[in-house]
Structure formats: structure tokens, C-alpha cells
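S.K.: Got a structure for you, questions after.
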């Protein structure tokens with residue numbers, strides 16, 4: 001038996017993978033991937049060539065997101081598709 005959270009994530013991933021990646025879709029997937037604390041202190045934008053640009057104002061958050069970059073990228077890939085996000089860059093702080 002699969003936990004309900006796994007089923008919900010799978011269903012959301014199926015819905016989000018359909019259609020092109022948009023700023024709104026990225027913001028929604030970012031919020032789900034990083035949680036409310038990081039979402040509150042960051043802004044995300046689509047960059048060129050499948051990159052996600054994360055802007056923060058505090059160097060501590062820049063460091064934390066930088067350390068978690070690969071985990072976040074994997075979570076985004078589960079929701080948006082494996083080729084939707086090639087890399088994550090963090091700026092600001």
C-alpha cells in the first residue's frame with residue numbers, strides 16, 4: 001500500500017508535466033519542493049536553457065539553498081519532468 005502523500009505527489013506531477021513550463025507552474029512546483037520557509041524568503045524565475053534563477057536577500061539563505069540545490073532540482077524534476085530544470089542558480093544575498 002502506498003502512502004497518500006506519494007499518490008498525491010504522483011498525481012500532481014502528472015498534471016504539472018503536461019504543457020509548457022510557465023512562471024506560475026514553476027512557482028507552484030518551487031513552493032511544493034522547498035516548503036514554506038524557503039518559499040517566503042526566495043523568488044524564482046525561469047532562466048535561459050532550462051535554468052531556474054533563485055533570488056534571495058540574505059546570504060544565509062543563499063548558502064542553504066546552494067547546499068540543497070541538487071535535492072531541490074530532483075524534487076522539481078519529479079513534479080515538472082526530468083528535463084524541465086537543468087540547473088539552479090542562486091543570486092542575491
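Read the figures in this text as sums done on the coordinates, not as results from a lab. Quick caveat, the model's predicted, so the values are computed rather than measured. Neighbour counts are summed over all protein chains in view; Cβ atoms, including those assigned to glycine, are modelled from backbone coordinates with ideal geometry.
S.K.: Pop a pseudo-label 7 angstrom from the Cα along the beta-carbon direction at both residue 55 and residue 31 and give the gap in nm to one decimal.
M.R.: Those two pseudo-labels are separated by 1.9 nm.
S.K.: Can you pull the one-decimal nm distance between simple spin-label points at residue 40 and residue 82, each 7 Å off the Cα toward Cβ?
M.R.: Result: 3.6 nm between the two label points.
S.K.: What are the semi-axes of the equivalent ellipsoid of region 4-92, taken as the square roots of 5 times the eigenvalues of the Cα gyration tensor, listed largest first and rounded to whole Å?
M.R.: Ellipsoid semi-axes (Å, largest first): 21, 15, 11.
S.K.: Continuing with the same structure: How far apart, in nanometres, would the label points at residue 68 and residue 17 be if each is projected 7 angstrom from Cα along the Cα-to-Cβ direction?
M.R.: Those two pseudo-labels are separated by 2.4 nm.
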